[in-house]
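Contents: one structure, followed by commentary.
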Amino acid sequence: MLRGASGMKRDNIGILTCPECGHKQEMEIPTKSCVPFYECSTCRKLIHAKKSCCVFCDYGDRPCPVGKKI
């Protein structure tokens, strides 16, 4: 299993793109819950999911495992 510099499993990593400033950041995708919001590490805005249960489903490069089941 590949791991990134932070030690997180690479298959549990998604890239979120901030809809405010366009910054891309890697974050761990939880396997058992949705992530309804996150804070952008660049512009510091609190980003909320708008179209689904999860920011990964709305702003990520792939949906969360929970969102795939909905």
Self-check item: Search result, residues across segment 41-70 that are in contact with a strand residue (DSSP E or B) (Cβ under 6 Å, 6 or more places away or on another chain) and either touching a residue at least 24 places away in the same chain (Cβ under 8 Å) or of a type in the set (S, T, N, Q) (or both)
Solution: Ser41, Ile47, Val55, Phe56, Tyr59, Gly60, Asp61, Arg62
Quiz item: Could you list, in sequence order, the residues of segment 58-70 that are within 11 Å of the chain's Cα centre (by Cα) and assigned to a helix (DSSP H, G or I)?
Solution: Asp58, Tyr59
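For every residue, the table says whether it meets (1) out of contact with any Pro (no Cβ under 9 Å at 6 or more places or on another chain); (2) in a loop (DSSP other than H, G, I, E, B); (3) at pLDDT 90 or above.
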{"site": "Ser6", "(1), (2), (3)": "yes, yes, no"}
{"site": "Ile15", "(1), (2), (3)": "yes, no, yes"}
{"site": "Cys21", "(1), (2), (3)": "yes, yes, yes"}
{"site": "Met27", "(1), (2), (3)": "yes, no, yes"}
{"site": "Phe56", "(1), (2), (3)": "no, no, yes"}
Practice problem: Find all pairs meeting these conditions: Cβ atoms under 9 angstrom apart; at least six residues apart or on different chains; first residue within segment 15-32 and closer than 12 Å to Cys43 by Cβ; second residue aliphatic (A, V, I, L, M) and outside any loop (DSSP other than H, G, I, E, B). | Solution: Cys18/Ile47; Pro19/Ile47; Glu20/Ile47; His23/Leu16; Gln25/Ile15; Gln25/Leu16
Self-check item: Restricting segment 29-41 to residues that are part of a loop (DSSP other than H, G, I, E, B) and modelled with pLDDT of 90 or more, the residue that is farthest from the chain's Cα centre (by Cα)
Solution: Ser41
Quiz item: If we keep just the residues of segment 42-54 that are in a loop (DSSP other than H, G, I, E, B) and among the hydrophobic types (A, V, I, L, M, F, W, C), which is surrounded by the fewest Cβ atoms within 10 Å (Cβ to Cβ)?
Solution: Cys43
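The values are calculated or read from the model by the stated rules, or taken from the named source; none is laboratory data. These numbers come from a predicted model, not from an experiment. Neighbour counts are summed over all protein chains in view; Cβ atoms, including those assigned to glycine, are modelled from backbone coordinates with ideal geometry.
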